[in-house]
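Novice: Just passing along the structure, written as structure tokens.
The values are calculated or read from the model by the stated rules, or taken from the named source; none is laboratory data. Please read these numbers as outputs of a predicted model, since none were measured by experiment. Counting neighbours? That spans all protein chains shown, and the Cβs are built from the backbone with ideal geometry, glycine included.
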Amino acid sequence: MRFPLVVSLVIGVVLFSACHKENSEKLTAQEPGRKSPVDGIRISWDYSSGRRIASPIQGQGYCGYARMIQLHDERLACVYESAYGNIELVMSTDLGNTWDSPQVVFESKDNIGMAAPEIIELSNHDVLIACNARPRLPYTEDRKFGVKLRKSKDACQTWQKELLIYNAESTFENGCWEPAMLQLPDGEIQLFFANEAIYTHSSEQNISMFRSTDHGETWSSEPLIIGFRKNRRDGMPVPLYLHESNEILIAIEDNKTAEFKPAIYREKLSDNWSEGLISGEDLRRAYHPLRESLTNEIYAGAPYLARLSTGEVLLSYQSTWKRNLNWERANMLVEIGDKTGRNFSHRSVPFEIPLSKSALWNSLVVITDNTPVAITSTNAYASNSTEVWMKKGHVIPELTLPHNTPVVDADLEEQCWSGTWPYFVGSQSETYLRASICTDEDNLYVAVIVNDSNWTSDNENYESDGIIFQLDTERKGYEAPHTGIYEFHCGANDELRILQGYFGDWKEVSESSSIIKKSRIAENLYTLEMAIPLEFFDTKWGSVNKIGVNFILKNHSSQGIIYQDEISGNQFNQPFTWCPVRIK
């Protein structure tokens, strides 16, 4: 009769040891740190939308400093400078998929090159193009740096004669630079530019402005200085008007400390520059308005502003962030601000540029269907030249979780999966992912479509192509995985692997029988539909009003190397960065 007692003692010791080990692990493990969860929209850039807009004749040379607008008839117009010193214009009738042959709007003559163009369509549909006249060496007194303008009254078919708005001096050190234009609600046009002509004994530079009240036919006789930081160089102005607050924003590059950083002037329309210039410490100047600040040695110049139809202000700049510190090897970055043009965050990189190459003199435009477009001048895609390229982005909304009950069959034909899906991943290759989610009283539903011409299946080591759905059911702002946070790995070989956050790491969840998952592969499409019971989660569903989600695409490149791509601005194992979703 002693044997059962021994067995009981052994079992007791084993259970005690297991419990003691688990409790010890919890005591030694540390809960991840917390940050404020990142709210707001994201932009995911679409690799497959990349298009070459302009390249040099015979494949060698330079095209760059491009600016684009969408005209009232929905055509796109893009101006840029060429290696010959001309300003050229190209048009697209299919939202940038193809571009017509260039027309020369400004031509180099008398050894004066034309550079830094800007284009604007007025309220009466006239189109203005401004540019920067830049004499070449050897300098002569009769050839000045300046600002010129041409107008088209017939939708860019023909152009009026050149109009000289301003002459600076005849040397590089005392020139003027980078004109940009804005039309106000009353029709007044303001033309801003960087000006160092009056600082002949220093390298200082200000932002100056001319006005026109007759659609650009005539202009004020003298420039008005609107911004100046003593002993520094305010430069490269780009204006934007906010109609809700009746404010003019001007993005500039500001070298207040070490390398250039973006800064933004703010001027009330009611004042309209009557309160004097914006000095270095003026409250109307917001220096370095980025939530994720850049250190002094990081260059971040040549800013540009645009606005989504939903109101958020976009800021781009060229930077050495996460690159070597040579500004000539900078890349384009884009950040999203709020609807007042403040609190810029959600940093994204539209173009993948090798460290030995560059993406410079960038701009942004927002076109049909609230689509942001990034435009760059880059030498990354040609062996001997710099070309103008564009890439479109998808705005990832701050979703309110829809309420529906689809049939889980991977057909994705229900009404809840119709329309535009909110989530897009596809910044690294032609392969892309679209995803959507909804819920009812019992389940969270996930639907995914992957467009992939070479869907790879590998049953070993979870190395097949597939998707990872990440979910934070508590949204406490953890910097690493922890309780209430899950990963659902869905592969091409039909496996389903579930992980749960645990003190900054992941642990496998063995029980998944309650989850319904259906997938299908047909031609170039992989479709997935999944129902996750709300009871599966440790956290009571609906106990918080927001959750966080992230989608990751696992894919083999054409070289057979597996990579992971995710929503821009989201970080794989940092739940506080994931996209917010409101629960009704």
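Novice: Here is a list of conditions, (1) assigned to a strand (DSSP E or B); (2) among the aliphatic types (A, V, I, L, M); (3) touching a residue at least 60 places away in the same chain (Cβ under 8 Å), and I165 meets all of them except one; can you say which number that is?
Specialist: (3)
Novice: Okay, next question. Are there any pairs, at least 6 apart or on different chains, whose C-beta atoms fall under 6 Å, with the first in the range 228-242 and in contact (Cβ under 8 Å) with a residue 40 or more places away in the chain and the second β-branched (V, I, T) and part of a strand (DSSP E or B), and if so, which?
Specialist: D234/I207; D234/I252; P237/I207; P237/I250; P237/I252; P239/I250; Y241/I248
Novice: Right, here's the next one. Going by what's in this entry, would T483 be described as surrounded by fewer than 19 Cβ atoms within 10 Å (Cβ to Cβ), part of a loop (DSSP other than H, G, I, E, B) and modelled with pLDDT under 90? Give the derivation first.
Specialist: Working: surrounded by fewer than 19 Cβ atoms within 10 Å (Cβ to Cβ): yes; part of a loop (DSSP other than H, G, I, E, B): yes; modelled with pLDDT under 90: no.
So T483 does not fit the description; no.
Novice: Something else about it: Condition check: within 19 Å of the chain's Cα centre (by Cα), surrounded by 14 or more Cβ atoms within 10 Å (Cβ to Cβ) and assigned to a loop (DSSP other than H, G, I, E, B). Does L333 satisfy that?
Specialist: no
Novice: Among A286, A302, which is over 16 Å from the mean Cα position of the chain (by Cα) and either basic (K, R) or not in a loop (DSSP other than H, G, I, E, B) (or both)?
Specialist: A286
Novice: Scan the range 517-543 residue by residue and report those that are assigned to a loop (DSSP other than H, G, I, E, B), under 13 Å from I498 (Cα atoms) and more than 35 Å from the chain's Cα centre (by Cα).
Specialist: none
Novice: What's the number of the only condition in (1) at positive phi; (2) surrounded by 16 or more Cβ atoms within 10 Å (Cβ to Cβ) that S519 fails to meet?
Specialist: Going through the list (1) at positive phi; (2) surrounded by 16 or more Cβ atoms within 10 Å (Cβ to Cβ), S519 breaks only (1).
Novice: Tell me which residues, restricted to the range 575-584, are surrounded by fewer than 17 Cβ atoms within 10 Å (Cβ to Cβ) and of a type in the set (S, T, N, Q).
Specialist: If the condition is that a residue be surrounded by fewer than 17 Cβ atoms within 10 Å (Cβ to Cβ) and of a type in the set (S, T, N, Q), then no residue fits.
Novice: Moving on to the next point. Among the residues of the range 366-380, count how many are buried (at least 21 other Cβ atoms within 10 Å of the Cβ) and out of contact with any Gly (no Cβ under 6 Å at 6 or more places or on another chain).
Specialist: So the answer is 5.
Novice: Still on this structure: Taking W455 as the residue in question, decide whether it is surrounded by fewer than 19 Cβ atoms within 10 Å (Cβ to Cβ), among the hydrophobic types (A, V, I, L, M, F, W, C) and not assigned by TED's automatic domain parsing to the domain that holds P303.
Specialist: Numbers: surrounded by fewer than 19 Cβ atoms within 10 Å (Cβ to Cβ): no; among the hydrophobic types (A, V, I, L, M, F, W, C): yes; not assigned by TED's automatic domain parsing to the domain that holds P303: yes.
No; evaluated as a whole, the condition is false for this residue.
Novice: Could you please give the count of residues in the range 549-565 that are modelled with pLDDT of 90 or more and buried (at least 22 other Cβ atoms within 10 Å of the Cβ)?
Specialist: The number of residues fulfilling the criteria is 5.
Novice: When you scan the range 405-424, do you find a residue that is free of Cβ contacts under 8 Å to residues at least 12 places away in the same chain, on the phi > 0 side of the Ramachandran plot and not aromatic (F, W, Y), even just one?
Specialist: Taking every residue of the range 405-424 in turn, at least one turns out to be free of Cβ contacts under 8 Å to residues at least 12 places away in the same chain, on the phi > 0 side of the Ramachandran plot and not aromatic (F, W, Y).
Novice: Considering only residues that are buried (at least 22 other Cβ atoms within 10 Å of the Cβ) and of a type in the set (V, I, T), which ones fall in the range 190-211?
Specialist: Once the filter is applied, which keeps residues that are buried (at least 22 other Cβ atoms within 10 Å of the Cβ) and of a type in the set (V, I, T), the range 190-211 yields only I207.
Novice: If you take the residues of the range 503-516 that are closer than 16 Å to N443 by Cβ and surrounded by 13 or more Cβ atoms within 10 Å (Cβ to Cβ), which of them is farthest from the chain's Cα centre (by Cα)?
Specialist: Result: S512.
Novice: Now for a different question. Tell me the strands (runs of 3 or more DSSP E) entirely within the range 26-128 that contain at least 1 residues that are more than 30 Å from R582 (Cβ to Cβ).
Specialist: The qualifying strands (runs of 3 or more DSSP E) are 51-54, 61-70, 76-82, 87-92, 103-106, 112-121.
Novice: Now for a separate question. For the range 129-156, how many residues meet the condition of being within 14 Å of K109 (Cα to Cα), outside any strand (DSSP E or B) and of a type in the set (A, V, I, L, M, F, W, C)?
Specialist: Residues that pass the stated criteria total 2.
Novice: Let me ask something additional. With I437, I375, I396 as the choices, which residue is over 30 Å from R75 (Cα atoms) and of a type in the set (A, V, I, L, M, F, W, C)?
Specialist: Result: I437 is the single residue among I437, I375, I396 that is over 30 Å from R75 (Cα atoms) and of a type in the set (A, V, I, L, M, F, W, C).
Novice: Check off (1) free of Cβ contacts under 8 Å to residues at least 60 places away in the same chain; (2) more than 21 Å from I69 (Cβ to Cβ) for N206 and give me the number that stays unchecked.
Specialist: (1)
Novice: Another one. Restricting to the range 391-421, and then to whatever is within 21 Å of T310 (Cβ to Cβ), out of contact with any Asp or Glu (no Cβ under 9 Å at 6 or more places or on another chain) and not small (G, A, S), can you tell me which residue is surrounded by the fewest Cβ atoms within 10 Å (Cβ to Cβ)?
Specialist: Within the range 391-421, the match that is surrounded by the fewest Cβ atoms within 10 Å (Cβ to Cβ) is T400.
Novice: Would you mention how many residues in the range 538-548 are at pLDDT below 95 and either surrounded by 15 or more Cβ atoms within 10 Å (Cβ to Cβ) or hydroxyl-bearing (S, T, Y) (or both)?
Specialist: Count: 4.
Novice: Being farther than 28 Å from D452 by Cβ and of a type in the set (A, V, I, L, M, F, W, C) narrows it down to one residue among V408, V395, V366; which is it?
Specialist: Details: V408 fails: farther than 28 Å from D452 by Cβ; V395 fails: farther than 28 Å from D452 by Cβ.
Sole residue among the options that is farther than 28 Å from D452 by Cβ and of a type in the set (A, V, I, L, M, F, W, C): V366.
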